[in-house]
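**Q** Please read through the structure below; I'll follow up with questions.
The values are calculated or read from the model by the stated rules, or taken from the named source; none is laboratory data. Note that the structure is predicted; figures quoted are calculated from it, not measured. We place every Cβ from the backbone using ideal geometry, glycine too, and count neighbours over all the protein chains shown.
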Amino acid sequence: MKIKFLRVFCCVSAIALSASGLQAQARPTEKVLRYAFPIAETGFDPQQLSDLYSRVVAANIFDGLYDYDYLARPVKVRPNVAVGMPVISSDARTITVRIKPGIYFADDPAFEGRQRELTAHDFVYSYKRHYDPKIKSYAYSDLEEEKLVGMDALRRDAEKPGASFDYDKEVEGIRALDRYTIQFQTKEARPRFIYFLSDPSLFGAVAREVVEKYGDKIMEHPVGSGPFKLDQWTRSSKISLIKNPAYREHYYEAEPSANDPKSQAIYQQMKGKRLPMVDRVEISIIEEIQPRWLSFLGAEQDLLERLPNAFAYQAIPNNRLAPNLVKKGIGMERVPNPDVTVTYFNMEDPIVGGYTPDRVALRRAIGLSYNASEEIRLPRRNQAIPAQGPIQPTTFGYDPQFKTEMSEFSRAKAAALLDMYGYVDKDGDGWRDMPDGSPLRLQYSTTPTASDRELNEIWKKNMDAAGIKIEFKTGKWPEHLKAARAGKLMMWGLGYSAANPDGAGALALAYGPAKGEGNLPRFENAQFDKLYEKQQLMPDGPERLAVMQQAVKIMVAYMPYKFTTHRILTDMTQPWLLGYRRHPVDSGFWRYVDIDLSKAPK
């Protein structure tokens, strides 16, 4: 079914063209950015988010201390609400940031009619929220690794029976020195701490009185100091945001590379314009690929993020924009995505979990039985490359020469492993059984979309060939995420995008203390954890890369994940959408684009 989207326009009165009574068509005066998400959102409270699309919305509502230059490649961190770059002590353990005065939150009833200024105390409160065990922050494990002085003790106190998190207790690790100065202190030097200050989707500042007013409903009431504010929200259907009237004076500035003509041209076009340039953003949730594609072709969307693979051959034959789309003035942005697609195995599951040689052999055999090249060629239409491990392209630690068993497809090796450890057909029904004779039956969680159905066909074909029965459990993505974090799914396929330019974020997918948060398989390995912690303290360079690769090899050996691909993304734009470029890690692009109303549909 084709889904229609309406663009909201403010129209001027029509004027008479001639004595015949013909009238000129009214032109819109409101600039509206329209596009669709392929997966439903979960909410908009930064400290509770884990899914990409909710984070996209949050990145445009909330402010981080720093952000990324929209056009600079390689990526470059720059001040956002901070005054200059952080002041770092000689031992690299104390980071001090000064905040610009005169920045205000969007109006909200929680402020009781007062104009509410953003202060250092708001950032202290917001970072502390990640440590509150009741929040169940997805980013807690990553932030906890930064070893902020005193925060681990504050967390432990809150975990005691009947206790609650003490937000008012001052700790050295995160504190406000005055109204506009925040200071972080770590137990050890943290070479990449700046990235934790540059992600508004997870570490954006929230106001305490807003959180306390809305309580359990805070995911529905995001109030930030960023360029947009939530206007209307119909869960899993439509999200509408408007320009934040309280947003500060902020003008387009960037430092595009001299050898990047596209970014140079965008900068010349946009330089000095006040941000944001669009008045409203309308997002629809369209999970099925055909209606999403048709709505873009029908000019009902200004942007098509992530061209569905099913239409790659007709839209970008030989990876070039099709002539009929060129004729329409449609633009294309095709880039390697800093992401990895995976299937994870629940390490606590009675069938695929465990660390004994037979369970490791089962997971390895499943991995060897799966033909990732077939996935790339068929469902992904050659819009991906094989993954050797978790580390994503364009991030530190990604080495295209690094090879592992992860991408190997060998039914012979898989069969040998299964036979060796007793996964054979014991009852004569044609399917392999567990060594104790009980059924070997995989349950793979999936969503009811055409793209997932294609991926499921590859999994079924390959498991059938290996003699392993696989069944698919269909449900909505947010529900799967909730079940996964509770350890209730056996297997699930999903993707992970890098949140910053450091590839170690992907290694955190197997870090023991992150069980049930970033570490959905609930994997535990002391040697891996030591390597992970070691590389976190090291500056970027060959020595750190070697330690990261040792950690990857442990993940490959135990296989809590089957890493399959790194996707190549193609975004498409209508001719009236100006200034769009896909940033490798920053999702807050709405403020940097404009709508040419003279070309937009009437």
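**Q** Can you find even one residue in the range 70-86 that is in contact (Cβ under 8 Å) with a residue 40 or more places away in the chain, surrounded by 18 or more Cβ atoms within 10 Å (Cβ to Cβ), more than 26 Å from residue 180 (Cβ to Cβ) and in contact with a strand residue (DSSP E or B) (Cβ under 9 Å, 6 or more places away or on another chain)?
**A** yes
**Q** Filtering the range 67-94 down to residues that are of a type outside the set (Asp, Glu), in a loop (DSSP other than H, G, I, E, B) and more than 26 Å from the chain's Cα centre (by Cα), which residue is farthest from residue 227 (Cα to Cα)?
**A** 90
**Q** Pairs, please: C-beta under 6 Å, at least 6 apart or cross-chain, first residue basic (Lys, Arg) and in the range 188-217, second part of a loop (DSSP other than H, G, I, E, B)?
**A** Close Cβ pairs satisfying both conditions: 190/146.
**Q** Restricting attention to the range 312-321, does a residue exist that is hydrophobic (A, V, I, L, M, F, W, C), touching a helix residue (DSSP H, G or I) at 6+ places or on another chain (Cβ under 8 Å) and under 28 Å from residue 482 (Cα atoms)?
**A** no
**Q** So, of the residues in the range 384-405 that are surrounded by fewer than 22 Cβ atoms within 10 Å (Cβ to Cβ) and not in a loop (DSSP other than H, G, I, E, B), which turns out to be farthest from the chain's Cα centre (by Cα)?
**A** Only one residue fits best here, namely 405.
**Q** For the range 531-540, indicate whether the set of residues that are in contact with a Leu (Cβ under 7 Å, 6 or more places away or on another chain), surrounded by fewer than 20 Cβ atoms within 10 Å (Cβ to Cβ) and not assigned by TED's automatic domain parsing to the domain that holds residue 59 is non-empty.
**A** No.
**Q** I would also like to ask the following. What single numbered condition from (1) touching a Ser or Thr at 6+ places or on another chain (Cβ under 8 Å); (2) in a loop (DSSP other than H, G, I, E, B) fails to hold for residue 245?
**A** Result: residue 245 passes all but (1).
**Q** Further, regarding this structure: Give the residues of the range 562-573 that are surrounded by 21 or more Cβ atoms within 10 Å (Cβ to Cβ) and in contact with a Phe, Trp or Tyr (Cβ under 8 Å, 6 or more places away or on another chain), sorted by residue number.
**A** Passing the criteria: 562, 564, 572, 573.
**Q** Further, regarding this structure: Looking at (1) under 22 Å from the mean Cα position of the chain (by Cα); (2) surrounded by 18 or more Cβ atoms within 10 Å (Cβ to Cβ); (3) not aliphatic (A, V, I, L, M), which one does residue 98 not meet, given that it meets all the others?
**A** Answer for residue 98: the failing condition is (1).
**Q** Using beta carbons and a limit of 9 Å, which pairs, at least six apart or on different chains, have the first residue in the range 88-107 and touching a residue at least 24 places away in the same chain (Cβ under 8 Å) and on the phi > 0 side of the Ramachandran plot and the second one part of a strand (DSSP E or B) and of a type outside the set (Val, Ile, Thr)?
**A** Every condition considered, the pairs that remain are 102/117.
**Q** Then there is this: Just checking: which of the helices (runs of 4 or more DSSP H) contained wholly in the range 115-221 hold 3 or more residues that are out of contact with any helix residue (DSSP H, G or I) (no Cβ under 9 Å at 6 or more places or on another chain)?
**A** 151-158
**Q** Would you pick out the residues in the range 552-561 that are surrounded by fewer than 24 Cβ atoms within 10 Å (Cβ to Cβ) and either on the phi > 0 side of the Ramachandran plot or among the basic types (Lys, Arg) (or both)?
**A** 553
**Q** I'm trying to understand the selection: among the residues of the range 320-343, which are in contact (Cβ under 8 Å) with a residue 60 or more places away in the chain and closer than 22 Å to residue 378 by Cβ?
**A** Across the range 320-343, the qualifying residues are 334, 336, 337, 339, 340, 341, 342, 343.
**Q** I've got another one for you. Go through 387, 372, 365 for me and flag whichever is among the hydrophobic types (A, V, I, L, M, F, W, C), in contact (Cβ under 8 Å) with a residue 40 or more places away in the chain and over 21 Å from residue 520 (Cβ atoms).
**A** Of the residues listed, the single one that is among the hydrophobic types (A, V, I, L, M, F, W, C), in contact (Cβ under 8 Å) with a residue 40 or more places away in the chain and over 21 Å from residue 520 (Cβ atoms) is 365.
**Q** Here's a follow-up. Going by the conditions given, is residue 349 surrounded by fewer than 21 Cβ atoms within 10 Å (Cβ to Cβ) and under 21 Å from residue 494 (Cα atoms)?
**A** Considered against the rule, which asks whether it is surrounded by fewer than 21 Cβ atoms within 10 Å (Cβ to Cβ) and under 21 Å from residue 494 (Cα atoms), residue 349 comes out as yes.
**Q** Could I ask something else about it? Which members of the range 556-602 meet the condition of being in a loop (DSSP other than H, G, I, E, B), β-branched (Val, Ile, Thr) and in contact with a Gly (Cβ under 7 Å, 6 or more places away or on another chain)?
**A** Answer for the range 556-602, where residues must be in a loop (DSSP other than H, G, I, E, B), β-branched (Val, Ile, Thr) and in contact with a Gly (Cβ under 7 Å, 6 or more places away or on another chain): just 593.
**Q** Applying the selection to the range 406-431, what residues are in a loop (DSSP other than H, G, I, E, B), closer than 30 Å to residue 379 by Cα and touching a strand residue (DSSP E or B) at 6+ places or on another chain (Cβ under 8 Å)?
**A** Across the range 406-431, the qualifying residues are 423, 431.
**Q** OK, next. What number of residues within the range 424-476 are at positive phi and basic (Lys, Arg)?
**A** 0
**Q** Here is a list: 553, 515. Which entry is of a type in the set (Lys, Arg) and modelled with pLDDT of 95 or more?
**A** Among 553, 515, only 553 is of a type in the set (Lys, Arg) and modelled with pLDDT of 95 or more.
**Q** What do you reckon, is residue 572 modelled with pLDDT under 95 and touching a helix residue (DSSP H, G or I) at 6+ places or on another chain (Cβ under 9 Å)?
**A** no
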